[in-house]
Every structure is written in C-alpha cells, then in structure tokens.
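Colleague: First the structure, then my questions, so here it is.
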Amino acid sequence: MASSQNDLGLIVYAPPLSGNGDRTLTIVHGMERALPGLNLGWTTSEEEDLRALPFRDEWLVAQGADGVLPFLCNNDDEHVVTIAGWENPNGLSAEGLPHLEIHADLPLDAPGISAAMDVLEAIAEGACAFWGHVTPFDAGVEIAEQTSPTLSGPPAPPRGLPALKLPDAIRAPEIPHRLGWLNYWSAASARAIGFPDPARDADLISRARRTATDGWIVQLTQAPLDLDHPGHLDALKRAYERFPEIGGRTVP
C-alpha cells in the first residue's frame, strides 16, 4: 500500500512520543472522526498480509509506549487510507534532537479532498506537531527535489522553485522545511515565519483557519496543488517569497 499518483500524502513532524501511548490514540481517533466512515482496524503481518486488530486501542497504547505509531489501514482497496509514525533519530534542525514523523495517505478523490483539512488538523494537533502538510503525490515529488542534492552537489529544483536547505542548516524545529498544498503551522511555527500579517496575507488568511491550540491550517490553492497549473505554481512561488524563513533561506 505504497503512495501512488492517486494519493494525498500527509506528513507531520512532532516531538517524540516519549512513552506516551495515549497520544497514538488521540491521533488515530481524531483521524477517524475527521474522515466519516473511516475504520483503521487493520495492520500488516510479517508476511505483509492484512491482519485485523480486535483490540486495536490497547495495542496502540502499548506500541506508542515504545515510541511508534504502527502501520494502520482501512482494508478498502478502492479507497485506501493508511497511517504510520516512528521516531526519527535525525534532527529537524541544527539542534539535532530526534522527532516523531507521521505519514498518512488519503485518496485523491472528492471525499479525501473534502476531509483533508480536518484530517491534517486532527493528526497534527493530536501529535502536538511543529508543522506538517498535505500534498498530492505528484506535486510532493517535485517539492522534495527542492532539498534533494544532485550528483554535482546542491539541489536543482524544478520549475524555478527555490532551493531549500537541509535540516542541519535550519535554526529551530518549528521552522517548516517546505510548503505543501495544505500547511499546518503550530503557534510557534507561525510566529517563527511571521504569519499572519493582515497587510500581506489577506489571500492566504481567506483560505486559512485557526486551530484550538492557536496553530493554523493554511491552504495555498482552492483545488489540490497541481504544478502543471500555472496559477498553482505561481501561488507556491509567491508563498516561498513571502516566507523566506521556510527552508532555512534566511540567515539567523
């Protein structure tokens, strides 16, 4: 059940679970509430066969105590939804501290698109995330090239997008490494990049909403981001120009 071109890919970055298995329950229950009818009641066996979890919540708490959010899915080949999270020993910034990285996939269809903002908010807030995003698979691949080094050394981003720095050159974990279609910025992240500024962010604010913890969900384009669409590409470039702190492009 790997990501495909028909997926919306979600990634959030958060502090480690540190033995708090209850956070895994908050994340998974929140995702299920955000996507009506979703039941993340299956995982995979060592043979990669689907295995039902009759006592899922108890199992999740135990796994969370070990610092992971194990792979879960909905056992629906027509509308695959998945989530998994693990502790990444590498730092999000020059501080070098480990972090929790959560990945989820939603179908790039009408129900998935409609629920994507709620799903991002539920997972990010449940994880106490620093920042995160939801982006269609194709656009996400090209955005990843903004930080991927080439054989000759530095990144060579496509479509005139700016090159972004690697985490060890970013001054704090709250600073997003990149943009996506839907962006979650915690209160600390929003402060770090200077959002919102009513004088400069009226367009973004019109498609944004504040979360219960004073974070923000910020939507770059009305429809899912498509970099073959000139208006979408321009919106992404404008956002990078507006927030030079993203990707470590300013000097501390």
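The values are calculated or read from the model by the stated rules, or taken from the named source; none is laboratory data. All values reported here derive from a predicted model rather than from experimental measurement. As a convention, Cβ positions derive from the backbone with ideal geometry for all residues, glycine included, and neighbour counts pool all protein chains shown. SASA here: full protein model, heavy atoms, side chains in, ligands and nucleic acids out. Shrake-Rupley method; radii C 1.70, N 1.55, O 1.52, S 1.80 Å.
Colleague: Mind putting a number on the dipole of the chain about its Cα centre? Charges go on the C-beta only, +1 for Lys and Arg and -1 for Asp and Glu, and I need it in Debye to the nearest 20.
Modeller: In total the dipole reaches around 1140 debye.
Colleague: What's the longest uninterrupted piece of the chain once you rule out the GluC sites (Glu not before Pro) that are loop residues per DSSP with at most 15 other Cβ within 10 Å?
Modeller: 96-252
Colleague: At a Förster distance of 45 Å, what's the computed FRET efficiency of Ser45 paired with Arg171, Cβ-Cβ distance as r, to 0.05?
Modeller: That gives a FRET efficiency of 0.60.
Colleague: Now a separate question. Return a whole-number percent for the relative contact order of segment 7-60, with Cα pairs under 8 Å and 6 or more residues apart as the contact set.
Modeller: Once normalised by length, the contact order is 25 percent.
Colleague: Taking 0.36 nm per residue of sequence separation and subtracting the Cα-Cα distance, how much length would be gained by fully extending the chain between Glu87 and Ala110, in nm to one decimal?
Modeller: Answer, rounded to one decimal: 5.1 nm.
Colleague: Sticking with this one: Suppose the chain between Ser206 and Val141 were pulled fully straight at 0.36 nm per residue; how much longer would it get relative to their current alpha carbon spacing?
Modeller: Fully extending the segment from Ser206 to Val141 adds 20.7 nm.
Colleague: Taking the simple approach of a point 7 Å from Cα along Cα-to-Cβ for both Ala223 and Ala188, what is their distance in nm?
Modeller: Distance between the two pseudo-spin positions: 3.8 nm.
Colleague: Against the longest principal axis of the chain, how steep is helix 22-34, in degrees 0 to 90 to the nearest 10, with axes from Cα atoms?
Modeller: For helix 22-34, the angle is close to 80 degrees.
Colleague: Moving to a separate point now. Rounded to the nearest 0.05, what FRET efficiency is calculated for Arg242 and Ala94 with R0 set to 25 Å and r the Cβ-Cβ distance?
Modeller: It comes out at approximately 0.60.
Colleague: In whole percent, and with a 1.4 Å probe on the protein chains, what portion of the accessible area of the chain is carbon and sulfur?
Modeller: It is 53 percent, rounded to a whole number.
Colleague: Along segment 182-189, what does the Karplus equation 6.51 cos²θ - 1.76 cosθ + 1.60 (θ = phi - 60°) give for ³J(HN,Hα), rounded to whole Hz, x for Gly and Pro?
Modeller: In residue order, the calculated couplings are 9, 10, 9, 10, 4, 4, 5, 5 Hz.
Colleague: Right, something else. Which whole-number value in Å² is the accessible area per residue of segment 139-252, probe 1.4 Å?
Modeller: With all protein chains present, segment 139-252 gives 47 Å² per residue.
Colleague: Rg to Rh for segment 105-226: what is it, with Cα atoms only and Rh by Kirkwood?
Modeller: With Rg and the Kirkwood Rh in hand, the quotient comes to 0.97.
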